[in-house]
Amino acid sequence: MNDATGGARRRVGVRDVAARAEVSRQTVSRVLNDNPEVAPETRERVLAAMAELGYRVNNAARALGTHRSHTIGVLASDAVLFGPAQSIAAIEASAREAGYWVSAAFAEADDAASVTSAIEHLLAQGVEGIVVVAPHAATLDAVSSLDIDVPVITLHSAGRGERGLSIDQVAGARLAVAALADAGHTRIGHLRGPEDWLEAQSRADGYVSELAHRGLPVGPIITGDWSAGSGHAAARKIVASGVTAVFAANDQMALGLLGGLHEAGVTVPGDISIVGFDDIPDAAYYWPRLTTVHQDFSAIARRAVGLLVGTADVREPAEPVKPVLVVRDSVAPPA
């Protein structure tokens, strides 16, 4: 950092803040650590001095003296996909509301060494707890094999793990299939997610369970990779199978399927009905507008942050969050 003359400017420290606020350095330290014994007017004076001087808290140094960094770690893989990305954003927002920061590290899902390196990086930042956005079994296995001395909570793990928080994927899939069956469809296919994703397996389980509950046949089940491209590629198999309805395991694959069916001269929902999963913002603007399953990512993020910072009751059972069906225009009775 340079001053107006082009020379190096010294970093503002606690001593400078104390001098500006006319208090001791110990008082500044107490304000930084939210000590309740500091008088409100003194606290305001110290905070004003920090703002005037552009003082920036050094969390690492603060953690050394107080064992509190006010930082939560996030370990993630496949963070570009909608669900994990939404959860990470919700964790950051919830942490900020609680007066905490987030330090993120990314790892290859099926690379134990990469997961270990990411965890070690977060621990070196002095994080007070870690949220693992872990949609893969391999990631969870790698994390569980480590000796981690801070609390760890997992998301997108389909409820797996001692402190796993989740949205009920099986219930969401059953909602999707029920919407198609209630419209009169008896031949319902499934465009599922990748085999190594825990939530993809749970959604496939829900699909099978709801069909069994209604005495309807299973299949076909076609595996995609969450992308619109894989949904588009599945259209030909869907048409050849003779089904009148499809439950797509995410909205992106449903989008690709809509395009592929259109190119094949198949109308939605006139010839084939479709229900997606995730309720991404664009789903309301597909053609036709997509009926889908909505997930409340902010609910599990708030719970995870609350457990780590002590604002959530640990005695409350961590029940899965129930998803809801959003009805739009992509479902109709079979022709």
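How many percent of DSSP beta bridges within the chain run antiparallel, rounded to 5? Kindly include the intermediate steps, with their values, before the conclusion.
Working: 5 of 34 bridges.
Looking only at bridges with both residues in the chain, the antiparallel portion is about 15 percent.
For the chain, the longest principal axis of the Cα atoms and the long axis of helix 251-263 meet at an angle of about 40 degrees. Tell me the mean residue ellipticity at 222 nm calculated for the chain from its helices only (DSSP H runs of n ≥ 4, each -39500 (n - 2.57), averaged over every residue, nearest 500). Helices in the chain give a 222 nm mean residue ellipticity of -13500 deg cm²/dmol.
Rolling a 1.4 Å probe over the heavy atoms of the protein chains gives the chain an accessible area of 48 Å² per residue.
When both bridge partners sit in region 96-255, DSSP labels roughly 5% of those beta bridges antiparallel. Rounded to the nearest 10 degrees, what's the angle between the helix 40-53 long axis and the longest principal axis of the chain, both from Cα atoms, 0 to 90? Here the helix axis deviates by roughly 80 degrees. Per-residue 3J(HN,Hα) values for region 80-87, derived from phi via the Karplus relation 6.51 cos²θ - 1.76 cosθ + 1.60 with θ = phi - 60°, read 7, 6, 4, x, x, 4, 5, 5 Hz in sequence order (x marks Gly and Pro). The H on the amide N of Ile272, modeled in the peptide plane, is under 5 Å from the matching H of Thr267, each at least 5 residues off or on a different chain. Debye-formula intensities of the chain, expressed as log10 I(q)/I(0) at q = 0.07, 0.09, 0.11, 0.15 Å⁻¹, are -0.40, -0.59, -0.77, -1.12 (one equal scatterer per alpha-carbon, no solvent). Taking each residue as 0.36 nm, the span from Val150 to Arg163 lengthens on full extension beyond its C-alpha to C-alpha distance by 3.4 nm.
Distance between the modelled labels on Glu52 and Lys237, one decimal in nanometres: 6.9 nm (7 Å Cα→Cβ projection).
Which GluC sites (Glu not before Pro) does region 174-266 hold that lie in a coil by DSSP with at most 13 other beta carbons within 10 Å?
Those that pass, being in a loop and sparsely packed, are Glu195.
Helix 112-124 and the long axis of the chain differ in direction by around 30°, with both axes built from C-alpha atoms.
What the Cβ-Cβ distance of Ala284 and Lys322 gives, at R0 = 22 Å and to the nearest 0.05, is a FRET efficiency of 0.55.
The values are calculated or read from the model by the stated rules, or taken from the named source; none is laboratory data. Since the structure is predicted, the reported quantities are computational estimates derived from the model, not experimental observations. Here the Cβ is made from the backbone with ideal geometry for all residues, glycine too, and neighbour counts use every protein chain on show. Ligands, DNA and RNA are stripped out before the accessible areas are found, and what is left, the full protein with its side chains, is counted by its heavy atoms. Shrake-Rupley method; radii C 1.70, N 1.55, O 1.52, S 1.80 Å.
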